[in-house]
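Take a look at the structure below.
The values are calculated or read from the model by the stated rules, or taken from the named source; none is laboratory data. Note that the coordinates shown come from a computational prediction; the quantities given were computed from them, not determined experimentally. Cβ coordinates were reconstructed from backbone atoms using ideal geometry, including for glycine residues, and neighbour counts include every protein chain displayed.
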Amino acid sequence: MANPRIPYRFSNDGPVLKPHEQGPIMVHLVVNVENWQFDTAMPRTIITPPHGKETVPDVPNFSWADYGMRAGLPRLMEAITSRGLCASTSINASVLQSYAPAASAMNHAQWEFIGHGLHQKSIQQAGDESDVVKQSLDVLQALIGSKPRGWLSPGLRESFETPDVLKACGLDYVFDWVVDDVPHWMKTRHGPLLSMPYNLELNDSIIYAIEKHATGQFLDRTTRTLKLFERECHQHPRVLAIGLHPHLMGVPHRIGEFESMLDLLMKSSQVCFLKPHEIYDWYVKQVPAPLI
């Protein structure tokens, strides 16, 4: 089966796009802030269980994530806010209860909140999908005062119906379909939903938790990506999304690398830092949603 939601085309064969007024390379910093429940199996591990048998509670792997929320997240926030940059948080709704000061700090920093489920578990394992999405959005709205416009599924996992559910719940965009460096309109039963660029290659979870590269690889990839985008953006604007997790990029031996990444991007005359709703508004102004 071909992609059932986004018709295939070469990236540069899409609509001709004018650059954003702030710059043709739109950097979106996405900090994934998650609640790994202490009384369930951990969604990802840094240390394997003894004798290969999974245990609950999983103290070392829970602590890995908990350290990120306690020490890693403040470092990421300081690196971003001290440079006057904007960001978004893809956030489990239960973070607002389990890590309330963190949620308040990100809201105070005016980060955009993106729905990310109730807890850090895939949508297929979280219960009724529509209820999960609605509850997540309601919880976030109670804090930020407005309904979130975007969604990023835990682990980027979806059911066959997820885009239909998201559109029915009033969302404008989703980050799960990492198929291009520019947005695309998706087909749903309830009308078009915008697929926003996200990134698997520029993502600390892939680089450091899955591929297990040495510190420095993220900066190297960012440097190489920026070099190409600076060449391409003269004809085609690009969205450069960077996926971050506090327990990975916020540790002492990597935070300096993240700061170098930000400084590198800030030095480019082609780069601007935007929140996702700004990227959405830029695209929709030029490419309105197609008629059903």
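Structure values in brief
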item	result
Tabulated pairs, segment 82-110, first at negative phi, second aliphatic (A, V, I, L, M) and at pLDDT below 95, C-beta under 6 angstrom, 6+ apart or interchain	Ala93/Leu118; Ser94/Leu118
Pairs where the first residue, in segment 205-229, is farther than 14 Å from Val251 by Cβ and the second is among the hydroxyl-bearing types (Ser, Thr, Tyr) and in a helix (DSSP H, G or I), C-beta under 7 Å, 6+ apart	Leu219/Ser260
Every residue from segment 175-190 that is part of a loop (DSSP other than H, G, I, E, B), touching a residue at least 60 places away in the same chain (Cβ under 8 Å) and out of contact with any helix residue (DSSP H, G or I) (no Cβ under 6 Å at 6 or more places or on another chain)	Phe175, Trp177, Val179, Asp181, Val182, Lys187
Gly170 being in a strand (DSSP E or B) and either among the aliphatic types (A, V, I, L, M) or under 23 Å from Ile123 (Cβ atoms) (or both)	no
Positions within segment 140-156 being surrounded by fewer than 22 Cβ atoms within 10 Å (Cβ to Cβ) and more than 20 Å from Ala65 (Cα to Cα), in sequence order	Gln141, Ala142, Leu143, Ile144, Gly145, Ser146, Lys147, Arg149
Candidate set from segment 207-235 (those that are surrounded by fewer than 18 Cβ atoms within 10 Å (Cβ to Cβ) and touching a Leu at 6+ places or on another chain (Cβ under 7 Å)); member that is farthest from Ile46 (Cα to Cα)	Thr223
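Okay, residues lined up against (1) surrounded by fewer than 17 Cβ atoms within 10 Å (Cβ to Cβ); (2) over 17 Å from Tyr283 (Cβ atoms); (3) at pLDDT 95 or above:
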residue: Gly170; (1), (2), (3): yes, yes, yes
residue: Tyr173; (1), (2), (3): no, no, yes
residue: Val182; (1), (2), (3): no, no, yes
residue: Pro192; (1), (2), (3): no, no, yes
residue: Met196; (1), (2), (3): no, no, yes
residue: Glu201; (1), (2), (3): yes, yes, yes
residue: Asp204; (1), (2), (3): no, yes, yes
